[in-house]
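The values are calculated or read from the model by the stated rules, or taken from the named source; none is laboratory data. Predicted, not measured: the structure shown is a model, and the values here were computed from it. Note: ideal-geometry Cβ built from the backbone for every residue, glycine included; neighbour counts use all protein chains shown.
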Amino acid sequence: MSLFRCPICAAPLRREDRSYRCQKGHSYDRAKEGYVHLLPANKKHSKNPGDDKGMAAARNRFLSGDWYLCLRRTLESLAAETPGQRLTLLDSGCGEGYYTQGMARALKEQGRTAAVCGVDLSKTSVRYAAKRLPEGEFAVASVYHLPIGTDSIDLLVNCFSPLALEEFSRVLKKGGHFLYVVPGPRHLWEMKEVLYEQPYPNEELSPDYPGFERLKVVKVEEKITLPDSQTIMDLFQMTPYYWKTPASGTARLAKLEQLDLTISFAVHVYRRL
């Protein structure tokens, strides 16, 4: 059986060679890469929601260069701390699957059995994820309407994606872990200095959420050097700044052939009560 549930009737789905099918006869085609589309038409807010092809390709190139390897290794380590020999892992807003792949491999190297799935609004991103981790399950779906059974997930990861606490609480088992990744105060500071006349640091919060116990906050920070304009612009395209930066700031960034950069993350670790 699949970790996914039918988005129409919530019945369990069976993964077949070319489709996902529930006992009530609802069927969803599997793409050649293996992913499935589980976003009902009435839940779509645009024709092609999520990151477009250009943004997804930029993110895939950048992360494949291991520029955020420090974050991936941190998530791998925290995934390994999740209790249980047999785990179910959901990457909510999985993008191209870079972190999903790392956590799945880390658990496998521990000798643990892990059923892994990921959802994202971007069809292009999910296609990359399915190629990156063929043994996983990936679906085009909304984090606010997860096609996942209640109390079925041991480890839920949310990295720079919308926070859908009600749904996360529903699908997580009691005692399950939730890893919530947000940017640190000085994340991409040197890029922001190029883009804006008066950059400001990201707000640093340690929120408590109903139904969750906050176990710890793991901070990750490194200095990296982006070696060329392509890598710099790939990173820019995968950030929110891509949409709200004045043309003058974008032009300044595009002229750079190298950029020394601070990358900074905070991983909030919660346990569902």
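List of remarks:
- Cross-chain or 6+ apart pairs with Cβ under 8 Å, the stretch 28-40 first and touching a residue at least 12 places away in the same chain (Cβ under 8 Å), then of a type in the set (A, V, I, L, M) and exposed (fewer than 15 other Cβ atoms within 10 Å of the Cβ): P40/I8
- Residue list for the stretch 135-179, filter: touching a Pro at 6+ places or on another chain (Cβ under 9 Å) and either among the polar types (S, T, N, Q) or outside any loop (DSSP other than H, G, I, E, B) (or both): A139, V140, S142, V143, Y144, H145, D154, L165, S169, G175, H177
Okay, residues lined up against (1) free of Cβ contacts under 8 Å to residues at least 12 places away in the same chain; (2) closer than 28 Å to D260 by Cα; (3) aromatic (F, W, Y):
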position: F138; (1), (2), (3): no, no, yes
position: P147; (1), (2), (3): no, no, no
position: K173; (1), (2), (3): no, no, no
position: P183; (1), (2), (3): no, yes, no
position: H187; (1), (2), (3): no, yes, no
position: Y196; (1), (2), (3): no, yes, yes
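- Lone qualifier among R59, R112, R73, R86 - being over 27 Å from L38 (Cβ atoms) and of a type in the set (K, R): R73
- Pairs, first over 21 Å from P40 (Cα atoms) in the stretch 120-135, second among the hydroxyl-bearing types (S, T, Y), C-beta under 8 Å, six or more apart: R132/Y98; R132/T100; L133/T100
- Count of the stretch 96-134 residues which are of a type outside the set (S, T, Y) and more than 17 Å from C159 (Cα to Cα): 17
- Top-ranked residue in the stretch 180-190 [being in contact with a strand residue (DSSP E or B) (Cβ under 6 Å, 6 or more places away or on another chain) and outside any loop (DSSP other than H, G, I, E, B); ranked as surrounded by the most Cβ atoms within 10 Å (Cβ to Cβ)]: Y180
- Entry remark, the stretch 227-272: residues being among the charged types (D, E, K, R) and touching a residue at least 60 places away in the same chain (Cβ under 8 Å) number 4 in total.
- Total residues in the stretch 85-117 satisfying the condition of being closer than 13 Å to G136 by Cα, among the polar types (S, T, N, Q) and modelled with pLDDT under 95: the figure is 1.
- Any hit, the stretch 233-251, residues being assigned to a strand (DSSP E or B) and at pLDDT 95 or above: no
- From the list L273, L188, the lone residue that is under 22 Å from D91 (Cα atoms) and either of a type in the set (A, V, I, L, M, F, W, C) or at pLDDT below 95 (or both) is L273.
- Complete set of residues in the stretch 99-124 that are touching a strand residue (DSSP E or B) at 6+ places or on another chain (Cβ under 9 Å), of a type in the set (S, T, Y) and part of a helix (DSSP H, G or I): Y99, T100
- Condition check for R86: among the charged types (D, E, K, R) and touching a helix residue (DSSP H, G or I) at 6+ places or on another chain (Cβ under 8 Å): no
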